[in-house]
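Here's the structure we're looking at; comments come further down.
The values are calculated or read from the model by the stated rules, or taken from the named source; none is laboratory data. As the structure is a prediction and not an experimental result, all values here were calculated from the model. Note that each Cβ is placed from the backbone with ideal geometry, even for glycine, and that neighbours are counted across all protein chains shown.
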């Protein structure tokens, strides 16, 4: 791998072009909306533990890989009251209004990787038959460049690659607004609020800014009968200094236990996905057929999603009876 390739990989993470891999590209975003909007944490009145693993361009050497574990829940329920002095001092902590979430992630872009943790606070308020939520995330992540995976010509020295340090800690923030009702959901979020700047390698000129990315999401559920529902949804990614990308999907649910659908990433891929729910456990899988020339060198992109619902919702969550 030469100098030009490694610089391209760095730009993949730090440039603002939405076709780049600055943010992971999970296919079945409706399975875990919390990945894109912190206000989703606890919004469903469920305690959920989810795992997502996305392997992009399988068969292509040094292809991107994204793995994350998320946990979100509603706290301060009527059945789990905080201490009276806390409730009296902080009136905002009404029963059932606070959501929390944690995300642990690992992103690999060839020799460059990013590992971190995201802690989220969300506030939910009831507006008639709807719910309006606000969320804020604080992220700490660790960028690493494995120089041993980079090969330069014998007489070439690159301060960007071979200089020190090749590891950096970064702090960042995300903010989101989200609304949900029985038949629809919609949200807006902005990631990388702090626009952190990394100084890389042995030169002070090698600075990379993590640009902001805006997300718009929405979806609607059409009940065809008691057992079948069709749910079109959309996720728009807007980069402040680059092109946008839209994910459009349509899924069909059967008896709330099975789902299948198709999705289209503009200029990128077509996806087919499906999943099932067995008691408290959920499993989902998606396959992406790449539309670019890279499809000749890979076996497509694959995503596996696993989830488990913790606790008994009917007994633990009484505040929000929307449905």
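If we scan the stretch 145-162, do we find a residue that is within 20 Å of the chain's Cα centre (by Cα) and either part of a loop (DSSP other than H, G, I, E, B) or modelled with pLDDT of 80 or more (or both)?
Checked the stretch 145-162: no residue is within 20 Å of the chain's Cα centre (by Cα) and either part of a loop (DSSP other than H, G, I, E, B) or modelled with pLDDT of 80 or more (or both).
Suppose we keep only residues that are surrounded by fewer than 18 Cβ atoms within 10 Å (Cβ to Cβ) and in contact (Cβ under 8 Å) with a residue 40 or more places away in the chain within the stretch 239-258. Which one would you say is nearest to residue 286 (Cα to Cα)? Step through it out loud before you land on a result.
To start, the set of residues in the stretch 239-258 that are surrounded by fewer than 18 Cβ atoms within 10 Å (Cβ to Cβ) comprises 240-244, 246, 248, 250, 252, 254-258.
Restricting the remaining residues to those that are in contact (Cβ under 8 Å) with a residue 40 or more places away in the chain gives 240-244.
Details: 240: 29, 241: 30, 242: 27, 243: 25, 244: 22 Å.
That would be 244.
Can you confirm whether the stretch 270-282 contains a residue that is assigned to a loop (DSSP other than H, G, I, E, B), over 15 Å from residue 48 (Cα atoms) and at pLDDT below 95? Give the steps one after another, and end with the answer.
Quick first cut of the stretch 270-282, residues assigned to a loop (DSSP other than H, G, I, E, B) only: 279-280.
With the extra rule that they be over 15 Å from residue 48 (Cα atoms), the set shrinks to none.
No: zero hits.
Here is a yes/no grid of residues against (1) part of a loop (DSSP other than H, G, I, E, B); (2) at pLDDT below 95:
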position: 165; (1), (2): yes, yes
position: 170; (1), (2): no, yes
position: 175; (1), (2): no, no
position: 179; (1), (2): no, no
position: 185; (1), (2): no, no
position: 201; (1), (2): yes, yes
position: 232; (1), (2): no, no
position: 237; (1), (2): no, yes
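Within the stretch 206-220, is there a residue that is at pLDDT 90 or above, in a loop (DSSP other than H, G, I, E, B) and farther than 30 Å from residue 167 by Cβ?
Scanning the stretch 206-220 turns up no residue that is at pLDDT 90 or above, in a loop (DSSP other than H, G, I, E, B) and farther than 30 Å from residue 167 by Cβ.
For residue 96, are the conditions met, namely being in a strand (DSSP E or B), within 26 Å of residue 37 (Cα to Cα) and at pLDDT 60 or above? Quick ask: steps written out before the conclusion?
Numbers: in a strand (DSSP E or B): no; within 26 Å of residue 37 (Cα to Cα): yes; at pLDDT 60 or above: yes.
No; evaluated as a whole, the condition is false for this residue.
Please identify the pairs in which a residue from the stretch 220-234 that is in contact (Cβ under 8 Å) with a residue 12 or more places away in the chain and on the phi < 0 side of the Ramachandran plot has its Cβ atom under 7 Å from the Cβ atom of a residue that is assigned to a strand (DSSP E or B) and loosely packed, with under 12 Cβ neighbours inside 10 Å, counting only partners at least 6 apart or on another chain.
Correct list of pairs: 229/222; 230/222.
Tell me whether the stretch 20-41 contains one or more residues that are buried (at least 19 other Cβ atoms within 10 Å of the Cβ), farther than 25 Å from residue 288 by Cβ, at pLDDT 85 or above and more than 15 Å from the chain's Cα centre (by Cα).
no
Before we move on, is residue 256 over 24 Å from residue 60 (Cβ atoms), outside any strand (DSSP E or B), in contact with a strand residue (DSSP E or B) (Cβ under 8 Å, 6 or more places away or on another chain) and at pLDDT below 95? Show your work before the answer.
Values: over 24 Å from residue 60 (Cβ atoms): yes; outside any strand (DSSP E or B): yes; in contact with a strand residue (DSSP E or B) (Cβ under 8 Å, 6 or more places away or on another chain): yes; at pLDDT below 95: yes.
Spelling it out, residue 256 is indeed over 24 Å from residue 60 (Cβ atoms), outside any strand (DSSP E or B), in contact with a strand residue (DSSP E or B) (Cβ under 8 Å, 6 or more places away or on another chain) and at pLDDT below 95.
Looking at residue 296 and the list (1) surrounded by 19 or more Cβ atoms within 10 Å (Cβ to Cβ); (2) without any contact (Cβ under 8 Å) to a residue 60 or more places away in the chain, which single condition is not satisfied?
(1)
Would you please list the contacts, defined by Cβ atoms under 6 Å and residues six or more apart or on different chains, that run from a residue in the stretch 11-40 that is under 18 Å from residue 113 (Cβ atoms) to a residue that is assigned to a helix (DSSP H, G or I) and at pLDDT below 50?
Correct list of pairs: 20/12; 21/12; 22/13.
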